[in-house]
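One structure below.
The values are calculated or read from the model by the stated rules, or taken from the named source; none is laboratory data. These numbers come from a predicted model, not from an experiment. Don't worry about glycine lacking a Cβ; one is built from the backbone with ideal geometry, like all the others, and counts go over all protein chains shown.
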């Protein structure tokens, strides 16, 4: 039975989740995506011998909604997940350490991690343990926390600059795409509680084993078609308007204008695009969405003619590098080793010329991995994501809207909405599921009123 017509605007993870949930629930779903493929802003492309992802994605074991989506679209075998959290932390000059949890109940699983973390002194590690206890008692939904930065909160609890950089910032910058002094303490509390402190296995890291185009794009497209949803790529939505009790979505598909009628619309695009789409509708708060702004991620790619490290991934301190990933197998490199350096909160690198980044990062990699000095660099290139996430700064919680708008059947989705999560794949998927539930409830309520009348 057709329970109603729904148009989903946007083919990222939020839109895919909403469309899949609604199609499986019996709604007639049309998904409109501006690009030529699904998967959102991140994508894969061919460069010489390599299949390149624009950005390196990781997820955690606590990303339960995201992992469930991968299962539903048949992509669960395209990722690998650590059996136990383990991250080498490297520093120039060979001063390395290992972050590795033990199989103990939380928060006891972290005690061996701290005892063995030689990037900090014994006194600094003891202070970190006390701070972690205080953090575990916080409520991430407390509005007062969103008025503080992570850096401010850590200093109030006596954390040294070295501990802020070498531990809290090491994890926090990657998770929040913001340095500690510019990261909301509310979101930081969510990251550290849900991702590190509350369960012993939450922080186990997962990485793709296939290019993102396959993992998020092609697999999602197949699953949506199998569920009965209609997917329209290269179809740019221009505006959403009311039409009686429902809506019209005005779009451009190729060179032709199109109009899609719907009982409900899920707007699952970034906040700037959502504000433009809904400009003609009385949705409160639209103007303030733009204040969420954006934060960039830059990825530096190096393809060597031979292996330069045996590590699959590593975090880096005291260096321009932040995180390094071995992408050789995922990219299908037939020779040598292909490394991707992921740089979060990368404002300082965003507009720097590739030649200048090469002059900075090639020596930094050689300093970290001495074998790179003898290797020949086959290729060096940079991918830049200026709008990788919204700016997750203090005060942003009040700017993030709920999925439900005052207009019945008009629903928002996206990692930027009020999910309680940072801008992550998990937040995106949760927002899509929430949007689908709101649509189902709104249309059920409308149909009940019509039957009664």
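A few points about this structure:
- Matching residues in the range 416-435 - criterion: being crowded, with 24+ Cβ neighbours inside 10 Å and assigned to a loop (DSSP other than H, G, I, E, B): 416, 417, 419, 422, 423, 424
Listed here are the residues, each with its yes/no results for (1) in contact with a strand residue (DSSP E or B) (Cβ under 8 Å, 6 or more places away or on another chain); (2) assigned by TED's automatic domain parsing to the domain that holds residue 431; (3) in a strand (DSSP E or B); (4) free of Cβ contacts under 8 Å to residues at least 24 places away in the same chain.
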| position | (1), (2), (3), (4) |
| --- | --- |
| 328 | yes, no, no, yes |
| 339 | yes, no, yes, no |
| 356 | no, no, no, yes |
| 379 | yes, no, yes, no |
| 383 | yes, no, yes, no |
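- Options 140, 112, 105: the member that is more than 16 Å from residue 194 (Cβ to Cβ) and touching a residue at least 60 places away in the same chain (Cβ under 8 Å): 105
- Given (1) under 30 Å from residue 328 (Cα atoms); (2) touching a helix residue (DSSP H, G or I) at 6+ places or on another chain (Cβ under 9 Å), index of the condition residue 245 fails: (1)
- Looking across 124, 76, one residue alone is without any contact (Cβ under 8 Å) to a residue 40 or more places away in the chain, closer than 20 Å to residue 172 by Cα and touching a helix residue (DSSP H, G or I) at 6+ places or on another chain (Cβ under 6 Å). It is 124.
- Residue selected from the range 259-284 under the condition touching a strand residue (DSSP E or B) at 6+ places or on another chain (Cβ under 7 Å) and in a helix (DSSP H, G or I), by the criterion nearest to residue 432 (Cα to Cα): 274
- The strands (runs of 3 or more DSSP E) located wholly in the range 39-141 that include 3 or more residues which are modelled with pLDDT of 95 or more and buried (at least 18 other Cβ atoms within 10 Å of the Cβ) occupy 50-53, 86-90.
- Of note, residue 315 satisfies the criterion of being in a strand (DSSP E or B), at pLDDT 95 or above and in contact with a strand residue (DSSP E or B) (Cβ under 7 Å, 6 or more places away or on another chain).
- The number of residues in the range 194-211 being farther than 26 Å from residue 96 by Cβ and either surrounded by 20 or more Cβ atoms within 10 Å (Cβ to Cβ) or free of Cβ contacts under 8 Å to residues at least 40 places away in the same chain (or both) comes to 3.
- Hits in the range 386-415 (condition: surrounded by fewer than 21 Cβ atoms within 10 Å (Cβ to Cβ) and assigned to a strand (DSSP E or B)): 386, 387, 404
- When the range 385-412 is filtered for residues that are under 29 Å from residue 51 (Cβ atoms) and either free of Cβ contacts under 8 Å to residues at least 40 places away in the same chain or in contact with a strand residue (DSSP E or B) (Cβ under 6 Å, 6 or more places away or on another chain) (or both), the ones remaining, listed by number, are 385, 386, 388, 389.
- Residue 334 vs. criteria farther than 30 Å from residue 272 by Cα, in a loop (DSSP other than H, G, I, E, B) and touching a residue at least 60 places away in the same chain (Cβ under 8 Å): yes
- Candidate set from the range 285-302 (those that are part of a helix (DSSP H, G or I) and in contact (Cβ under 8 Å) with a residue 60 or more places away in the chain); member that is farthest from the chain's Cα centre (by Cα): 288
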